[in-house]
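Structure first, then comments.
The values are calculated or read from the model by the stated rules, or taken from the named source; none is laboratory data. These numbers were taken from a predicted model, which means no experiment stands behind them. All Cβ positions, even for glycine, are placed from backbone atoms using ideal geometry, and neighbour counts span all protein chains on display.
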Amino acid sequence: MNPLLVRVDDRLVHGQVTQGWGNLFHPDRIVVVNDQVADSLWECELYEASAPEGVKVSVVTLSEAPVALAAWLEEGEGLFILLSSPDDALRLYRGGFEYDVLNVGGLHHREGRRRILPFLCMDEGDENAFRALAREGVGLECCDVPGSERKDLLEWLGNGVNGT
């Protein structure tokens, strides 16, 4: 069984995820895969409190994620998997949890990033991680909210998978 949504969004759990994507897919569990959040009790509690009624929220480290995600999927749970960076998405994939499509939903402006789309700013490291995922066979779709046009990220990078 595949997850309902694997998404990179530097805000992790927020309204677009819980309401927009949640109303479309109705997940049983939202899983935040993030080492820093997993080490912060107050952030874990904040994300758990942000979920819609009836939706569980779990926070796991990148090293815990492959086993935990496989177990929840085997139990038949519909999962949203949220990652805060392209590097974490690549580390999860190479760490043993493979997925077919990555939804790129929000990387916001910070120093050194260039704007690709209104909701997507990247630096060279982000672009390299996305290209590595594409070389692994992962589809990369840009879509901030359900109903928006889904775009192939590689087209928006202006370069091919090999960085040419």
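Numerical summary
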{"read-out": "Candidate set: the stretch 58-83, residues that are out of contact with any Lys or Arg (no Cβ under 7 Å at 6 or more places or on another chain) and in a loop (DSSP other than H, G, I, E, B); chosen: the one nearest to Arg29 (Cα to Cα)", "value": "Gly78"}
{"read-out": "Breaking point among (1) farther than 15 Å from Asp152 by Cα; (2) in contact with a Leu (Cβ under 7 Å, 6 or more places away or on another chain); (3) part of a strand (DSSP E or B), for Ala89", "value": "(3)"}
{"read-out": "Residue, surrounded by the fewest Cβ atoms within 10 Å (Cβ to Cβ), within the stretch 65-96, restricted to residues that are aromatic (Phe, Trp, Tyr) and within 13 Å of the chain's Cα centre (by Cα)", "value": "Tyr93"}
{"read-out": "Whichever residue in the stretch 1-26 is at pLDDT below 80 and part of a loop (DSSP other than H, G, I, E, B) and, among such residues, is surrounded by the most Cβ atoms within 10 Å (Cβ to Cβ)", "value": "His14"}
{"read-out": "Matching residues in the stretch 33-57 - criterion: being among the polar types (S, T, N, Q) and assigned to a loop (DSSP other than H, G, I, E, B)", "value": "Asn34, Ser40"}
{"read-out": "Sole exception among (1) modelled with pLDDT under 90; (2) surrounded by 14 or more Cβ atoms within 10 Å (Cβ to Cβ); (3) within 15 Å of the chain's Cα centre (by Cα) for Val60, by number", "value": "(1)"}
{"read-out": "Residue that is surrounded by the fewest Cβ atoms within 10 Å (Cβ to Cβ), among those in the stretch 41-57 that are of a type in the set (D, E, K, R) and without any contact (Cβ under 8 Å) to a residue 12 or more places away in the chain", "value": "Glu53"}
{"read-out": "Residue within the stretch 98-106 that is among the hydroxyl-bearing types (Ser, Thr, Tyr), modelled with pLDDT of 90 or more and part of a loop (DSSP other than H, G, I, E, B) present", "value": "yes"}
{"read-out": "Check on Asn128, more than 23 Å from Gly20 (Cβ to Cβ) and either of a type outside the set (A, V, I, L, M) or modelled with pLDDT under 90 (or both)", "value": "yes"}
